[in-house]
Amino acid sequence: MIQTWGITISSTILQNMLKRTFRLNLLHSSPQDVEIAYMAIPPIRLLEQPLKKEVQVAFASAMATIWKTMIGLSGLGLLFSLLMAELPTVDETENTSGGAPGPDEWANMIPYGRFSVPDNEGQKVFFNVGDTAAVLPGNVQVGTNLPAHKYWLVKIAAIRGRLPSRKGSPIR
């Protein structure tokens, strides 16, 4: 998207500067919908001096203005990026962007009676408060024999969730 803005701004500057500086008969007789920059480039090599030099200077001047404008816009972008407020990282918050909540966040979370997770076939498996569940490593299929130190058995004491505006809200 930034490239689109750059091309749009540059072509506008070039077009306007060439309209202001060119006083060629061939340009005054060209159709209004044809851009001057594209119309003027091919015949430049056929022009006689000093007109050829005037056209070259006009193009060079337009290019210099484009560069100055783009440098100015880049400087403004840098200035605004330096003035932006620094957003806290996950380490500086109570994991509001995911992961295990801290005690304060847990106390303010919405309590739920059950939640669901998809199984290997994409079907929802529901868990309620008081259920026992096995927590397996992410790359292990249900039913795989694992040594006891490779998984957890848990009893679900409470289910709480962050605000429903987040992706994948729990089921009440």
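The table for this structure:
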read-out	value
The one condition in (1) modelled with pLDDT of 70 or more; (2) farther than 30 Å from residue 162 by Cα that residue 107 fails to fulfil	(2)
Hey, residue 133 modelled with pLDDT of 85 or more, exposed (fewer than 10 other Cβ atoms within 10 Å of the Cβ) and out of contact with any His (no Cβ under 7 Å at 6 or more places or on another chain) or not	no
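The values are calculated or read from the model by the stated rules, or taken from the named source; none is laboratory data. Everything numeric here is computed off the predicted structure, so don't read it as measured data. Cβ coordinates were reconstructed from backbone atoms using ideal geometry, including for glycine residues, and neighbour counts include every protein chain displayed.
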